[in-house]
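Below you'll find the structure, written out as structure tokens, and then a few comments.
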Amino acid sequence: MNDRPDTPDDDLDEAGLWDPRAADDALRSLRRRLLPHAHRPRAWVVPEELPESDDPLIAPPSADGTATPAEVEDGSPAPGDATRDDDAAGDDDGWPWPERDAAASGDAPSGARGARDALGSGGARGAGDRPISDAPTSGRAPRGPAPDAPGSILHARSGWGVRLVSLVAATVLVVLAVGELLGWRGAGDDAPPDAGSTYRVEALEGTPRVTRGGELLRSERLDVRPGDRVVCDDVTRAELRVRSAGSVRLEPGTELHVDDSPADGWRLFLARGQVTASIFAPPRLFQVGTPSGIAVDLGCVYTATVGDDGETVLAVRGGQVSFEAKERKVFVPDGARVVAWPGRGPGTPVWEDAPAPVKKAVEALDALRDRPVEDLAVLGLDGALAELRAVVEPRQSLSLWHLLDHPNPQVARGALATLERLSPPPWGVDPAAVLRGRAADREAWREDLERHW
């Protein structure tokens, strides 16, 4: 059943459709039913394009430009709101309240937003104006909270108040977080640290020892200087805070030396034991040496473990580390690990969750670096190379790329062939030049492969 009222022919537009603007009685009835839900800002100006009308609902305003007492008494809306175009009210343009147009932007709208132009051109609201209702005439709820008061920092005339409060709150949280990370004071610590100290060790369990020259210092909190040696026995855990760089956690059985550093960097040496470094310094400024090489921080979290024989295991938990030695340099991204040996440098990085056969093959081929000219079949290691040739996951290109510099030509060629199948080199990179050792081509291929890592 069609509830639309019958309309005469003169209520039809040129296309033969019903024109609501011509149905005065129906339109006035609709307006009256919407009156209790309408808001009525006081200041307004009638747009020039509005037609003149004898309808009392759109009568001219009083001489002072405010709503008449009769309109306020009977609940009638301000004229500017009664003539507001419903399409304009429903525009999704980021303006939840009408007066946030010309007064806020300085650029008066035009076109379909006729009623909103009228409100915007009325100027700023006075100190005695009341806040706008939460229910605009379009029936759509505003997308933000109504202002508490015209003079409030959260006033609807500008979104800068809300943004300012959010910015201040975020800044306070960041300052508190950085202060906690960089601060030297711990719970119950009433003694201020040395203002010029770069390092400070704090006990987590037990009591760490600090050796300074021939002097032995023991305390739960100590400033540490270049040249000092920090030792945790089997029941002691400690944290070394590094000013402006981060922190290093020392596990039981660890010996860590604080070395002389350049003005813009930090140098530590892990003689034995295990440390976990959480660093936010710029790349390459924070470095931890080991008997097998140097872990150069690229902005990350990692764990380094040094055995009694100097063998080093580096596992990265976030970011990336460049592990460097005289013999070789490798890149270890988040989720990967590498083993390094004194006099040999680092081996081949491999993912912590790589399949066991892949890990075993990489370990076997790393052992061949001291015997580069021997045939794999004679050594019984051709199966290890075959395992790597069968890799189908592009992510394993991390290990394959590092095998391109293997001194055994069989291993290098096998890694190259598998890489070309998994992720062909980018334009301009010559695989043959990579095999010959051209560093620029090899690095360009690595940068392309990092999308898989």
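The values are calculated or read from the model by the stated rules, or taken from the named source; none is laboratory data. As the structure is a computational prediction, the values presented were derived from the model and not from experiment. Reconstructed Cβ throughout: ideal geometry from the backbone, glycine too, with neighbour counts over all protein chains shown.
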Strands (runs of 3 or more DSSP E) within region 147-246 that include 2 or more residues among the aliphatic types (A, V, I, L, M) and at pLDDT 85 or above: 199-205, 215-218, 221-224, 229-232, 237-242
Any hit, region 359-371, residues being in contact with a strand residue (DSSP E or B) (Cβ under 6 Å, 6 or more places away or on another chain), within 26 Å of G289 (Cβ to Cβ) and touching a residue at least 12 places away in the same chain (Cβ under 8 Å): yes
Hits in region 361-375 (condition: surrounded by 14 or more Cβ atoms within 10 Å (Cβ to Cβ) and either among the charged types (D, E, K, R) or in contact with a Leu (Cβ under 6 Å, 6 or more places away or on another chain) (or both)): A361, E363, A364, D366, R369
Conditions (1) part of a helix (DSSP H, G or I); (2) under 38 Å from the mean Cα position of the chain (by Cα); (3) farther than 27 Å from R317 by Cβ: number failed by S397: (3)
Breaking point among (1) within 18 Å of L449 (Cα to Cα); (2) of a type outside the set (F, W, Y); (3) surrounded by fewer than 18 Cβ atoms within 10 Å (Cβ to Cβ), for D308: (1)
Residue match in region 290-306 (condition: among the polar types (S, T, N, Q) and outside any strand (DSSP E or B)): yes
Residue list for region 321-336, restricted to those being free of Cβ contacts under 8 Å to residues at least 40 places away in the same chain and either within 18 Å of V391 (Cβ to Cβ) or small (G, A, S) (or both): S322, A325, G335
Matching residues in region 419-443 - criterion: being of a type outside the set (S, T, Y) and outside any helix (DSSP H, G or I): P424, P425, P426, W427, G428, V429, D430, R436, G437, R438
Residue within region 429-445 that is crowded, with 19+ Cβ neighbours inside 10 Å, over 22 Å from E324 (Cβ atoms) and not aliphatic (A, V, I, L, M) present: no
Some residue of region 378-387 being assigned by TED's automatic domain parsing to the domain that holds W401, over 21 Å from A325 (Cβ atoms), without any contact (Cβ under 8 Å) to a residue 60 or more places away in the chain and in contact with an Asp or Glu (Cβ under 6 Å, 6 or more places away or on another chain): no
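Of everything in region 247-286 that's of a type in the set (D, E, K, R) and assigned to a strand (DSSP E or B), which residue is nearest to V313 (Cα to Cα)? Step through it out loud before you land on a result.
Of region 247-286, the ones of a type in the set (D, E, K, R) are 249, 251, 255, 259-260, 264, 267, 272, 284.
Those still in the list that are assigned to a strand (DSSP E or B) too: 249, 255, 267, 272.
Values: R249: 16, E255: 16, R267: 19, R272: 11 Å.
Taking the candidates together, the pick is R272.
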One residue from A361, A354 being under 38 Å from the mean Cα position of the chain (by Cα), farther than 26 Å from A440 by Cβ and assigned to a helix (DSSP H, G or I): A361
